[in-house]
1. Going residue by residue through region 19-30, is there one that turns out to be in contact with a helix residue (DSSP H, G or I) (Cβ under 6 Å, 6 or more places away or on another chain) and assigned to a loop (DSSP other than H, G, I, E, B)?
2. Name the single residue, out of those in region 1-44 being modelled with pLDDT under 95 and among the hydroxyl-bearing types (Ser, Thr, Tyr), that is farthest from residue 69 (Cα to Cα).
3. Of all residues in region 50-81, which are touching a Ser or Thr at 6+ places or on another chain (Cβ under 9 Å) and in a strand (DSSP E or B)?
4. Give 58, 85 a once-over and let me know the one that is within 11 Å of residue 10 (Cα to Cα), at pLDDT below 95 and of a type outside the set (Lys, Arg).
5. With the structure loaded, tell me whether residue 78 is exposed (fewer than 13 other Cβ atoms within 10 Å of the Cβ) and under 11 Å from the mean Cα position of the chain (by Cα) or whether it fails that test.
6. For residues that are small (Gly, Ala, Ser) and not in a strand (DSSP E or B), scanning just region 40-49, find the one that is surrounded by the most Cβ atoms within 10 Å (Cβ to Cβ).
7. Taking into account only those residues within region 11-39 that are closer than 15 Å to residue 74 by Cβ and not aliphatic (A, V, I, L, M), which is surrounded by the fewest Cβ atoms within 10 Å (Cβ to Cβ)?
Amino acid sequence: MTVRPEKRLTKLVLRFGSIDWERAMGKQYELLKDERVWRAFINGYAKNGFVVFDEEALPREELLEKLSELKPEIKREETVTVGELIESSYSWNNLLGRMES
């Protein structure tokens with residue numbers, strides 16, 4: 001599968017009303033098995049997290065339905081490109097090395 005770096009993805013920053021670490025871990029795993037989800041992090045202790053997904057392929061309503069048992073509340077919404085997402089995944093050493101050159 002080839003993806004253009006300028007492809008737009010949606011990032012939802014979430015707060016959860018009903019969650020514990022076990023359910024958070026299970027739900028995060030479930031989300032990451034879906035190829036339409038690019039990144040997911042759910043913190044069962046802090047009751048927050050984020051999901052980066054392709055809204056053209058995975059409707060927001062379907063994503064929120066998958067999370068419904070955790071009672072998600074959208075705190076913030078962002079749009080990121082695939083290129084920005086990849087760059088944000090670099091280690092700090094790689095970022096610092098690129099800045100120095």
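The values are calculated or read from the model by the stated rules, or taken from the named source; none is laboratory data. Here the structure is a predicted model, which means the values were calculated and not measured. Cβ placement follows ideal geometry from the backbone for every residue including glycine, while neighbour counts extend to all protein chains displayed.
1. So far as region 19-30 goes, yes, one or more of its residues are in contact with a helix residue (DSSP H, G or I) (Cβ under 6 Å, 6 or more places away or on another chain) and assigned to a loop (DSSP other than H, G, I, E, B).
2. 2
3. Across region 50-81, the qualifying residues are 51, 52, 53, 77, 78, 79, 80.
4. Selected residue: 85, the only one of 58, 85 that is within 11 Å of residue 10 (Cα to Cα), at pLDDT below 95 and of a type outside the set (Lys, Arg).
5. Taking the combined requirement at face value, the residue satisfies it.
6. Filtering region 40-49 for residues small (Gly, Ala, Ser) gives 40, 44, 46, 49.
Subset that is not in a strand (DSSP E or B): 44, 46.
Working: 44: 19, 46: 11.
So the residue we want is 44.
7. 17
Rundown of residues vs (1) more than 26 Å from residue 83 (Cβ to Cβ); (2) more than 15 Å from the chain's Cα centre (by Cα), yes/no style:
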site	(1), (2)
5	no, yes
11	no, no
21	yes, yes
31	no, no
39	no, no
50	no, no
59	no, no
